[in-house]
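First the structure, in the form of C-alpha cells, and then the observations on it.
The values are calculated or read from the model by the stated rules, or taken from the named source; none is laboratory data. Here the structure is a predicted model, which means the values were calculated and not measured. In this analysis, Cβ positions are derived from the backbone assuming ideal geometry, glycine residues included, and neighbour counts consider all displayed protein chains.
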C-alpha cells in the first residue's frame, strides 16, 4: 500500500470547475434581472407633477369650496375654501394635465363646474376667477350670503 506522495510526482491544479462558472453566470444574470426590474418600476414610483402656484379669486357673496380634476379623471382634489370677496394663493398644486375642471359648492350645495385648458390657465398666469353665475343655484337653494 502506498501512502503519501510518490517521489518526483508533480501536483498540478485542476481548472476552475464548471460548477463555479455556472454559479458566477447565475449571479450576474440575477443581478442584471434585478437592475432591469428596478429601472422598469422606477417611473411608476415617481409622484405627480405640480404647478408652482394657483390663485383662486372669489368675487361672490358666498364662501366657495373648490375641487379640481383633470380630463377623464375619476377623482376630485379638494383645493379648499375661498372666503367671499377674497382670493387665495395656493402653492404646489397637483398638475391636472391638459384640461382642468373646477367644481364649486357652498354650504353643501352644488353650484356648478368650469373647465379651463392649461393654455387658458397659463395665459391668465394661473389665476382663476370663480364665475359669478354660481350664485344662481345657491340663491335658488335658499342659501344666504356668507358672513364676511
Q: Would you point out the residue of the stretch 33-57, among those that are closer than 18 Å to residue 120 by Cα and surrounded by 10 or more Cβ atoms within 10 Å (Cβ to Cβ), that is farthest from the chain's Cα centre (by Cα)?
A: 57
**Q.** Residues satisfying the stated conditions in the stretch 32-63, i.e. free of Cβ contacts under 8 Å to residues at least 12 places away in the same chain and within 30 Å of residue 105 (Cβ to Cβ)
**A.** 47
Q. Does at least one position in the stretch 55-71 carry a residue that is part of a loop (DSSP other than H, G, I, E, B), modelled with pLDDT under 95 and closer than 30 Å to residue 137 by Cβ?
A. yes
Q: Check off (1) farther than 18 Å from residue 133 by Cβ; (2) part of a strand (DSSP E or B) for residue 21 and give me the number that stays unchecked.
A: (2)
Q: Tell me which residues, restricted to the stretch 74-85, are over 14 Å from residue 113 (Cα atoms) and loosely packed, with under 14 Cβ neighbours inside 10 Å.
A: 74, 75, 80
Q: Say whether the condition of being free of Cβ contacts under 8 Å to residues at least 12 places away in the same chain and either over 25 Å from residue 49 (Cβ atoms) or not assigned by TED's automatic domain parsing to the domain that holds residue 129 (or both) is met by at least one residue in the stretch 99-110.
A: yes
Q. Here is a list of conditions, (1) out of contact with any helix residue (DSSP H, G or I) (no Cβ under 8 Å at 6 or more places or on another chain); (2) closer than 27 Å to residue 148 by Cα, and residue 74 meets all of them except one; can you say which number that is?
A. (2)
Q.
For the stretch 60-73, which positions are more than 17 Å from residue 127 (Cβ to Cβ), within 25 Å of the chain's Cα centre (by Cα) and surrounded by 16 or more Cβ atoms within 10 Å (Cβ to Cβ)?
A. 65, 67, 69, 70
Q: Scan the stretch 86-96 for residues that are surrounded by fewer than 16 Cβ atoms within 10 Å (Cβ to Cβ) and assigned to a loop (DSSP other than H, G, I, E, B) and jot them down.
A: 95
Q) In the stretch 97-127, how many are touching a helix residue (DSSP H, G or I) at 6+ places or on another chain (Cβ under 8 Å) and surrounded by 12 or more Cβ atoms within 10 Å (Cβ to Cβ)? A) 10
